[in-house]
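The values are calculated or read from the model by the stated rules, or taken from the named source; none is laboratory data. These numbers were taken from a predicted model, which means no experiment stands behind them. Neighbour counts run over all protein chains shown; Cβ positions are idealised from the backbone, glycine included. To get the accessible areas, we keep the full protein, side chains included, count just its heavy atoms, and leave off ligands, DNA and RNA. Shrake-Rupley method; radii C 1.70, N 1.55, O 1.52, S 1.80 Å.
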Amino acid sequence: MGVFITFEGCEGSGKSTQLQLLKDYLTKLGVDFIFAREPGGTVISEKIRSIILDKSHAEMSDECEALLYASARAQLLNEVIIPALNAGKMVILDRYVDSSLAYQAYARGLGFDFIAKINDFALNGCPPDLTLFLDISPEDAFKRKGGVDESDRLELQGLNFHTKVYEGYLSLAEKFPSRFVKVDCHGEKLQTHEKIINILKEKGYLR
Ligand code: TYD
């Protein structure tokens, strides 16, 4: 069996940058890995992604959204993740079930039990071996980006929502201490990259 590693984080946490640095590092090292993003990663899951993220679908219910994320995930798991793990590969995912728990369960308020239940059905288990949470609060992430416009109602609403997402992730860190690792990412991007590599080495996933 291979090893299953997921990345989580709020908007502006630098997740994409860190994933690119990690992919470059693994490629240089010759590690046999696959990478996918959620929602997406298969033809069907990418089609579901475009339905979920389509700005014209403003009427989408929270329940519909949650089920679509779980559907996209089920397809990715069966078509890509399980075969790769069975082939002994390292699987790196940009977001997985913890995103649904932080965004749909906590921030949208659908509740942990409901989201856990639909994902248990969709995924039939298959938790990651390790989840790396890029830990920076939305306030600090916005500050790093140049600040939030306090007069902008939408930006403020956005901050409230993203604060709930962040708090959701902190609850998940407490719920799943054995697999969920917080990576402080307030520092410079190469410092954070080094922290990530050190964690992977400590866990025995990298030489
Ligand atoms: P994306 O543009 O890939 O965002 P990011 O670069 O921040 O990962 O869009 C994915 C969006 O979907 C992002 O806002 C988080 C959200 N999401 C959920 O709400 N629930 C989920 O289960 C997943 C996988 C993503």
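Looking across region 43-91, the residues that are of a type in the set (Ser, Thr, Tyr) and either within 12 Å of the ligand (Cβ to nearest atom) or under 17 Å from the mean Cα position of the chain (by Cα) (or both) come down to Ser45, Ser50, Tyr69, Ser71. One residue stands out in region 92-116 among those that are within 12 Å of the ligand (Cβ to nearest atom) and assigned to a strand (DSSP E or B): the one that is surrounded by the fewest Cβ atoms within 10 Å (Cβ to Cβ), namely Asp94.
Looking only at region 57-89, filter to residues that are of a type in the set (A, V, I, L, M) and in contact with a helix residue (DSSP H, G or I) (Cβ under 7 Å, 6 or more places away or on another chain); which one of those is nearest to Arg179 (Cα to Cα)? The extreme case among them is Leu77.
Do we have any residue at all in region 122-144 that's within 12 Å of the ligand (Cβ to nearest atom), without any contact (Cβ under 8 Å) to a residue 60 or more places away in the chain and either in contact with a strand residue (DSSP E or B) (Cβ under 8 Å, 6 or more places away or on another chain) or farther than 17 Å from Phe7 by Cβ (or both)? The answer is yes; a qualifying residue exists.
Screening Thr6 against (1) open to solvent by less than 20 Å² (accessible area, probe 1.4 Å); (2) out of contact with any Ser or Thr (no Cβ under 6 Å at 6 or more places or on another chain) leaves a single unmet condition, (2). If you check Tyr25 against the conditions, is it within 16 Å of the ligand (Cβ to nearest atom) and either touching a Pro at 6+ places or on another chain (Cβ under 6 Å) or touching a residue at least 40 places away in the same chain (Cβ under 8 Å) (or both)? Spelling it out, it is not the case that Tyr25 is within 16 Å of the ligand (Cβ to nearest atom) and either touching a Pro at 6+ places or on another chain (Cβ under 6 Å) or touching a residue at least 40 places away in the same chain (Cβ under 8 Å) (or both). When Pro83 is tested against (1) loosely packed, with under 15 Cβ neighbours inside 10 Å; (2) assigned to a loop (DSSP other than H, G, I, E, B), exactly one condition is not met: (2). Please indicate, with yes or no, whether at least one residue in region 28-40 is more than 15 Å from the ligand (Cβ to nearest atom), at positive phi, out of contact with any helix residue (DSSP H, G or I) (no Cβ under 9 Å at 6 or more places or on another chain) and not hydroxyl-bearing (Ser, Thr, Tyr). Yes; the residues of region 28-40 include at least one that is more than 15 Å from the ligand (Cβ to nearest atom), at positive phi, out of contact with any helix residue (DSSP H, G or I) (no Cβ under 9 Å at 6 or more places or on another chain) and not hydroxyl-bearing (Ser, Thr, Tyr).
Looking only at residues in region 9-61 that are among the hydroxyl-bearing types (Ser, Thr, Tyr), part of a helix (DSSP H, G or I) and open to solvent by 50 Å² or more (accessible area, probe 1.4 Å), the one that is nearest to Leu172 (Cα to Cα) is Ser16. Against the condition under 21 Å from Ile118 (Cβ atoms), in a helix (DSSP H, G or I) and open to solvent by 40 Å² or more (accessible area, probe 1.4 Å), how does Leu67 come out, does it pass? So Leu67 passes the test. Of all residues in region 167-191, those satisfying the criterion of being without any contact (Cβ under 8 Å) to a residue 60 or more places away in the chain, under 17 Å from Leu19 (Cα atoms) and surrounded by fewer than 16 Cβ atoms within 10 Å (Cβ to Cβ) are Lys182, Asp184, His186, Gly187, Glu188, Gln191.
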